[in-house]
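Shown next, in structure tokens, is the structure this report addresses.
The values are calculated or read from the model by the stated rules, or taken from the named source; none is laboratory data. No experiment lies behind these values; they were computed from the predicted model shown. Note that each Cβ is placed from the backbone with ideal geometry, even for glycine, and that neighbours are counted across all protein chains shown.
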Amino acid sequence: MLDQSPNRPALPAEIARRRTFAIISHPDAGKTTLTEKFLLFGGAIQMAGQVRAKGEARRTRSDFMQMEKDRGISVSASAMSFDYGKFRFNLVDTPGHSDFSEDTYRTLTAVDAAVMVIDGAKGVESQTQKLFEVCRLRDLPILTFCNKMDREARETFEIIDEIQENLAIDVTPASWPIGMGREFIGCYDMLNDRLELMDRADRNRVAESIRIDGLDDPKMEQYVPPQLLEKLREEVEMARALLPALNPQSVLEGHMTPIWFGSAINSFGVKELMDGIGRYGPEPQPQSATPRQIAPEEDKVTGFVFKVQANMDPKHRDRVAFVRLASGHFMRGMKLTHVRSKKPMAITNPVLFLAADRELAEEAWAGDIIGIPNHGQLRIGDTLTEGEALKVTGIPSFAPELLQGVRAGDPMKAKHLEKALMQFAEEGAAKVFKPMIGSGFIVGVVGALQFEVLGSRIELEYGLPVRFEASQFTSARWVHGPREAVDKLVNANKQHIGYDHDGDVVYLTRLQWDIDRIVRDYPEITLSATKEMM
Ligand code: GDP
């Protein structure tokens, strides 16, 4: 199957076997369960459940995690790598907040494909729809898993129609469910003419797979009860007549999604999905950058930071920058150029994330995600190269839409608060502004829930209770322009000026009128609602 890159024959086999993807779903559809089964079949862990068990042990340490759990927000495992057959899968976690954070969008810039998990009884839910639209912006290929078929689900055609209509994407059935709920016995594999039967007795066992010579094969009668068989034959015939056949190119272009039906908790349908990711999912794709695109097969190593996470290990106040390798063959100890600062960095202790554990990465290839522990030099959007001044593009930064003031519960702790806030600003968890006049800080976020998350994290990770309060400002604009013009604006508008965590000047206001006035009075200045992340 490594003959998959007819367009890019130069792709080394090590790169061609990589599949880097994220799971998009609505909370409760089964993302965690499916992830566990991926890891189980990927041999990364012995028994499904370990991820969760470990995760939970960790979660109990922290009320923040408790809050995540209570609200159905998934804990960020960030990135996991495992082998499956001849493939190396890199699964990047999308934070499942119902209030969107920028993190979610950025995660999707680091993957080549997405697996969309839907609940067979609920169909396309709001969060799935939103995430799907982000994938669509990048034409990401999408493979669909319809989960919980062991429960009462909707009719198969209804599910497929709903996806086609709500998401405006062609759907092609890769498998067809036989029965549903208590009667669900398995699926007919439409691509390989096999019967896959679910093992209800042992949830971690892979289903029995039986080679079938088409639906009329008399063998079918041995396994499928007569009413179900009749329905199956009818439905498959209709599906073949009415629904588009699988077109791998169209899948790669993001216009068609193959759908597998299954039950993650029963380990059913998961292997077929994994085979599908290997077979129909894209290999590492070229990365947009200035002044030129980066091809994965280039000899030289390049990569970019799409996520920064602080305090992953409460004992070590380290930060880990998650880097997606865009090209080349990375070896531990390599010196890479940090393009923004033009400084060399020796990458001596990069980590790979195998299941829930970290491991030193001796080597990695384009498509892989490595974690680089650092003290804050690496920021979201940064590019690493072997010397060339390339800048990866397309990592979004969002305008903070909600502003609030924040103060330490204990005024003596203002300095500590500043440190905590700066760290979260670096992670991209919030925008933080220090007003030029007055005390305290102003925090800007995209969704209201982020204030709460931030408050809990500051309290937990820094032992600092904080108070959020209404801010006199509602909008923030970064000020760009020649030095003198910026100074002039600052001096004349001190009440409105703040500095972000990089020390860049921000104009704060509650009136659009003020913004219009600045634009009019300072022709050399431009105001922008987002800060470019590079
Ligand atoms: P997430 O919020 O998307 O990560 O969902 P989880 O994986 O935590 O699953 C949500 C709930 O659905 C849990 O109680 C799971 O045990 C359950 N669940 C997951 N997959 C299945 C399935 O195939 N069948 C049934 N009946 N329940 C499932």
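Results, tabulated for the structure shown:
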{"quantity": "Of all residues in region 338-350 being of a type in the set (A, V, I, L, M, F, W, C) and surrounded by 19 or more Cβ atoms within 10 Å (Cβ to Cβ), the one that is modelled with the lowest pLDDT", "calculated": "Ile347"}
{"quantity": "Residues satisfying the stated conditions in region 133-154, i.e. within 15 Å of the ligand (Cβ to nearest atom) and not in a loop (DSSP other than H, G, I, E, B)", "calculated": "Thr144, Phe145, Cys146, Asn147"}
{"quantity": "Any hit, region 249-262, residues being more than 16 Å from the ligand (Cβ to nearest atom), in contact with a Ser or Thr (Cβ under 6 Å, 6 or more places away or on another chain) and among the aliphatic types (A, V, I, L, M)", "calculated": "yes"}
{"quantity": "Per-region count, region 155-178, residues of a type in the set (Gly, Ala, Ser) and away from the ligand (no atom under 15 Å from the Cβ)", "calculated": "2"}
{"quantity": "Matching option when the condition is surrounded by fewer than 16 Cβ atoms within 10 Å (Cβ to Cβ), under 23 Å from Asn147 (Cα atoms), small (Gly, Ala, Ser) and touching a residue at least 24 places away in the same chain (Cβ under 8 Å), among Ala245, Ala201, Ala264, Ala174", "calculated": "Ala245"}
{"quantity": "Scan of region 263-286 for residues that are within 16 Å of the ligand (Cβ to nearest atom) and either assigned to a helix (DSSP H, G or I) or among the basic types (Lys, Arg) (or both), ordered by number", "calculated": "Ala264, Ile265, Asn266, Val270, Lys271, Glu272, Leu273, Met274"}
{"quantity": "Condition broken by Trp513, with the remaining ones in (1) part of a strand (DSSP E or B); (2) surrounded by fewer than 16 Cβ atoms within 10 Å (Cβ to Cβ); (3) not β-branched (Val, Ile, Thr) satisfied", "calculated": "(1)"}
{"quantity": "Matching option when the condition is in a loop (DSSP other than H, G, I, E, B) and closer than 23 Å to Gly503 by Cα, among Ala389, Ala429, Ala414", "calculated": "Ala429"}
{"quantity": "Flag if Gly269 is in contact (Cβ under 8 Å) with a residue 12 or more places away in the chain, out of contact with any Asp or Glu (no Cβ under 6 Å at 6 or more places or on another chain) and on the phi > 0 side of the Ramachandran plot", "calculated": "yes"}
{"quantity": "For Ile259: the one exception among (1) at pLDDT 95 or above; (2) closer than 15 Å to Phe21 by Cα", "calculated": "(2)"}
{"quantity": "Within region 219-242, considering residues that are in contact with a Phe, Trp or Tyr (Cβ under 9 Å, 6 or more places away or on another chain) and under 18 Å from Ile159 (Cβ atoms), the one surrounded by the most Cβ atoms within 10 Å (Cβ to Cβ)", "calculated": "Leu232"}
{"quantity": "Residue match in region 479-498 (condition: under 19 Å from Val406 (Cβ atoms), modelled with pLDDT under 95 and in contact with a strand residue (DSSP E or B) (Cβ under 8 Å, 6 or more places away or on another chain))", "calculated": "no"}
{"quantity": "Check on Glu183, loosely packed, with under 15 Cβ neighbours inside 10 Å and within 16 Å of the ligand (Cβ to nearest atom)", "calculated": "yes"}
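For (1) loosely packed, with under 12 Cβ neighbours inside 10 Å; (2) not in a helix (DSSP H, G or I), each residue gets a yes or a no:
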| residue | (1), (2) |
| --- | --- |
| Leu464 | no, yes |
| Phe468 | no, yes |
| Phe473 | no, yes |
| Ala476 | no, yes |
| Val479 | no, yes |
| Ala485 | no, no |
| Lys488 | no, no |
| Asn491 | yes, no |
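Table: residues versus (1) among the hydrophobic types (A, V, I, L, M, F, W, C); (2) crowded, with 17+ Cβ neighbours inside 10 Å; (3) within 20 Å of Val236 (Cα to Cα); (4) at pLDDT below 90.
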| site | (1), (2), (3), (4) |
| --- | --- |
| Ala110 | yes, yes, no, no |
| Asp139 | no, no, no, no |
| Asn147 | no, yes, yes, no |
| Glu158 | no, no, yes, no |
| Gly179 | no, yes, yes, no |
